[in-house]
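The values are calculated or read from the model by the stated rules, or taken from the named source; none is laboratory data. In this text, all values refer to a predicted model and were calculated from it rather than measured experimentally. Here the Cβ is made from the backbone with ideal geometry for all residues, glycine too, and neighbour counts use every protein chain on show. All accessible areas refer to the heavy atoms of the entire protein, side chains included, with ligands and DNA or RNA removed. Shrake-Rupley method; radii C 1.70, N 1.55, O 1.52, S 1.80 Å.
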Amino acid sequence: DVKVTQSSRYLVKRTGEKVFLECVQDMDHENMFWYRQDPGLGLRLIYFSYDVKMKEKGDIPEGYSVSREKKERFSLILESASTNQTSMYLCASTQGTYPPGEQYFGPGTRLTVT
Amino acid sequence: SQQGEEDPQALSIQEGENATMNCSYKTSINNLQWYRQNSGRGLVHLILIRSNEREKHSGRLRVTLDTSKKSSSLLITASRAADTASYFCATGRSGGGADGLTFGKGTHLIIQP
């Protein structure tokens, strides 16, 4: 059974804190993604990675950074958390390159910044 | 970037009835995917339809694609309470799969017992 796991289901942090969200996949997928989901806005892509140590900006990268030191692990970093980063964060992975293939999602991390 | 837009935003039907959701997108695609999200959880892939396909079935799901109208529909037949969820269509952000998907805002489906 393929799996994408995220380090926390719920997280509460204070404004200004550095926040790490971890994602691990066990499918040996090349490509990994971080999305955020907000009511009325749907899912929006923050960053993605198509290889170890490679990263690309998505549609809303401001205020975020990522790290991919190992193929199975993709971390999202909020350098200085702000209240407007309160959201549901979803990690996904896929093996496909072209055309776009099925993405496998983790259960999500609901982050609240106070 | 491309964007799928689902219609309606919310749908409430009785158990046993059929549910139909629609999706429109803006640019040419290689394929279109549908996902389901149960409340507060991650997304689960339901079905993928290629641009050269017009219809695809998977169990109680039927997806159609009309590339001339840039639209797709998802039909769930004989609905069950467990089908209560949000449904999203998604297309590639560009041509390749390595740069992620663009999702619509979703249709929230409620199945009344």
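Note on segment A:62-114: enclosed strands (runs of 3 or more DSSP E) holding 3 or more residues that are open to solvent by less than 10 Å² (accessible area, probe 1.4 Å) and farther than 19 Å from A:THR15 by Cβ are A:87-94. In this entry, A:LEU45 passes the filter for residues that are crowded, with 21+ Cβ neighbours inside 10 Å, aliphatic (A, V, I, L, M), closer than 30 Å to B:PRO8 by Cβ and without any contact (Cβ under 8 Å) to a residue 40 or more places away in the chain. Among the residues of segment A:41-66, those identified as more than 9 Å from chain B (Cβ to nearest Cβ) and of a type in the set (A, V, I, L, M) are A:ILE46, A:VAL52, A:MET54, A:ILE60, A:VAL66. Touching an Asp or Glu at 6+ places or on another chain (Cβ under 9 Å), in contact (Cβ under 8 Å) with a residue 12 or more places away in the chain and basic (Lys, Arg) - does that describe any residue in segment A:32-40? Looking through segment A:32-40, none of the residues is touching an Asp or Glu at 6+ places or on another chain (Cβ under 9 Å), in contact (Cβ under 8 Å) with a residue 12 or more places away in the chain and basic (Lys, Arg).
So that you can scan it fast, the table gives a plain yes or no per residue for (1) of a type in the set (D, E, K, R); (2) open to solvent by less than 50 Å² (accessible area, probe 1.4 Å):
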{"position": "B:GLU6", "(1), (2)": "yes, yes"}
{"position": "B:GLU17", "(1), (2)": "yes, no"}
{"position": "B:ARG54", "(1), (2)": "yes, no"}
{"position": "B:SER71", "(1), (2)": "no, yes"}
{"position": "B:SER79", "(1), (2)": "no, yes"}
{"position": "B:PRO113", "(1), (2)": "no, no"}
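Once segment A:5-40 is narrowed to residues that are within 14 Å of another protein chain (Cβ to nearest Cβ) and loosely packed, with under 12 Cβ neighbours inside 10 Å, the residue that is nearest to B:LYS105 (Cα to Cα) is A:GLY40.
Given the criteria assigned to a strand (DSSP E or B) and surrounded by fewer than 16 Cβ atoms within 10 Å (Cβ to Cβ), does B:HIS45 qualify? Here the answer is no, as B:HIS45 does not meet what is asked. For B:GLY96, the stated conditions do not hold, so it cannot be described as within 12 Å of the chain's Cα centre (by Cα), at pLDDT below 95 and open to solvent by less than 30 Å² (accessible area, probe 1.4 Å). Looking only at residues in segment A:67-114 that are more than 9 Å from chain B (Cβ to nearest Cβ) and of a type in the set (Gly, Ala, Ser), the one that is nearest to the chain's Cα centre (by Cα) is A:SER75. Candidates B:SER94, B:SER51, B:SER86: the one that is within 14 Å of chain A (Cβ to nearest Cβ) and in contact with a His (Cβ under 8 Å, 6 or more places away or on another chain) is B:SER86.
Restricting attention to segment B:19-42, the residues that are crowded, with 20+ Cβ neighbours inside 10 Å, away from every other protein chain (no Cβ under 12 Å) and over 16 Å from B:THR64 (Cα atoms) total 0.
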